[in-house]
1. Return yes when residue 249 is out of contact with any strand residue (DSSP E or B) (no Cβ under 8 Å at 6 or more places or on another chain) and under 25 Å from residue 387 (Cα atoms) and no when it is not.
2. Inspect region 80-93 for any residue being at pLDDT below 90 and farther than 17 Å from residue 352 by Cα and give the result as yes or no.
3. Please note which helices (runs of 4 or more DSSP H) are completely contained in region 308-424 and include at least 1 residues that are more than 27 Å from the chain's Cα centre (by Cα).
4. So residue 267 fits all but one of (1) more than 21 Å from residue 360 (Cα to Cα); (2) surrounded by fewer than 21 Cβ atoms within 10 Å (Cβ to Cβ); what number is the exception?
5. Restrict the check to region 139-147 and report whether at least one residue is surrounded by fewer than 18 Cβ atoms within 10 Å (Cβ to Cβ) and without any contact (Cβ under 8 Å) to a residue 12 or more places away in the chain.
6. Quick check on my filter: what residues within region 37-75 are modelled with pLDDT of 80 or more and within 28 Å of the chain's Cα centre (by Cα)?
7. Pick out the one residue from 136, 109 that is crowded, with 19+ Cβ neighbours inside 10 Å and closer than 17 Å to residue 57 by Cα.
8. Of all residues in region 118-127, which are assigned to a helix (DSSP H, G or I) and surrounded by fewer than 18 Cβ atoms within 10 Å (Cβ to Cβ)?
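The values are calculated or read from the model by the stated rules, or taken from the named source; none is laboratory data. Being a predicted model, the structure only gives us computed values, none of them experimental. Note: ideal-geometry Cβ built from the backbone for every residue, glycine included; neighbour counts use all protein chains shown.
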């Protein structure tokens, strides 16, 4: 019996379904026999002439006639850019084929640095780079990942031994008169455009969408550890609980110096603000109400050391204006972008410190007039939002005892001559 005769004996609904199936098969056969559609264009004609219109040509002119503008354009001098290109270039170069000439490693790095420096949209960036937004959406995260892989071992090295921690502590004691300190901890909300269908998952207490960047900074304003990507809705005190650093701290896996190795037999510590809980290895300030003179001095000395992380965040956002925008990329790409920016901050801090972070760019103390002079970045609009302070909680006895030991030290043999005037 033919397929048509078989269908004739079926109920009406089933006959309709069979008819739809047969029509689909016929359409598939017709499509298969039809010649393939020709693509209208590979890309826009002016993008094919990238060698004429790309900002790489502008940079070639700036490096000769206006080095200062070159540095402002990419946030680094030509010599530092060439050094960075020599490190990252081999990892982002593409093999040339007979079909078309690839986008060069230099153009890829320039586009990425310009995106981080300005925060412009990919649609806008195409006009200066000569690269389509679709290609930029692939190139920028790929280049950020290459920056991370090439530089992290040298420019964001996390201590692995007690000797390395003691080296960091010696810098804090020499520069900030705070002994046994391994770093300053802080966290910030980074504004994002939320992913589709994410609801309020990234909606924070300040009523915008964000992810959280947690960081530890050394005495020289350099990031030694970051954790990025936690959703902004998470309670800020709970963010640090989820980090690898906190897990290793609680499990005693950080190889921190023991009291036999530290000075004055005090615990090895990290300094933090009210967004973090008191811990035997984390110091935070006393609440700012009805403080005794001793507690005020302790708070001042703690704030003086902790200021490095505030300034590191401020300089980072001031130099890389992407943090002044709601970053509109896929979440895993945003994580790469933030990580790469922090590593570039460390890279530029070492390679061209005098221009990347001149003295007036960070907070400094006027010990003649006993006042704090705010860093230049503080005059800019606030880009990174503070974490929410934790509600009061009762710390452990060991945590309070450790803090009291530092209060006694800063008001005794560890006192500096100007501290009473500064709190006054």
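1. Working: out of contact with any strand residue (DSSP E or B) (no Cβ under 8 Å at 6 or more places or on another chain): no; under 25 Å from residue 387 (Cα atoms): yes.
It is false that residue 249 is out of contact with any strand residue (DSSP E or B) (no Cβ under 8 Å at 6 or more places or on another chain) and under 25 Å from residue 387 (Cα atoms).
2. Narrowing region 80-93 to residues at pLDDT below 90: none.
So far as region 80-93 goes, no, none of its residues is at pLDDT below 90 and farther than 17 Å from residue 352 by Cα.
3. Hits in region 308-424: 397-410, 419-423.
4. Tallying (1) more than 21 Å from residue 360 (Cα to Cα); (2) surrounded by fewer than 21 Cβ atoms within 10 Å (Cβ to Cβ), residue 267 fails exactly one: (2).
5. No, region 139-147 contains no residue that is surrounded by fewer than 18 Cβ atoms within 10 Å (Cβ to Cβ) and without any contact (Cβ under 8 Å) to a residue 12 or more places away in the chain.
6. So the first thing to find is which residues in region 37-75 are modelled with pLDDT of 80 or more, and the list is 57-75.
Those that are modelled with pLDDT of 80 or more and within 28 Å of the chain's Cα centre (by Cα): 59, 67, 68, 69, 70, 71, 72, 73, 74, 75.
7. Values: 136 fails: closer than 17 Å to residue 57 by Cα.
Answer to the check: 109.
8. At the first step, the residues of region 118-127 found to be assigned to a helix (DSSP H, G or I) are 118, 122-127.
Once the filter is applied, which keeps residues that are assigned to a helix (DSSP H, G or I) and surrounded by fewer than 18 Cβ atoms within 10 Å (Cβ to Cβ), region 118-127 yields 123, 124, 127.
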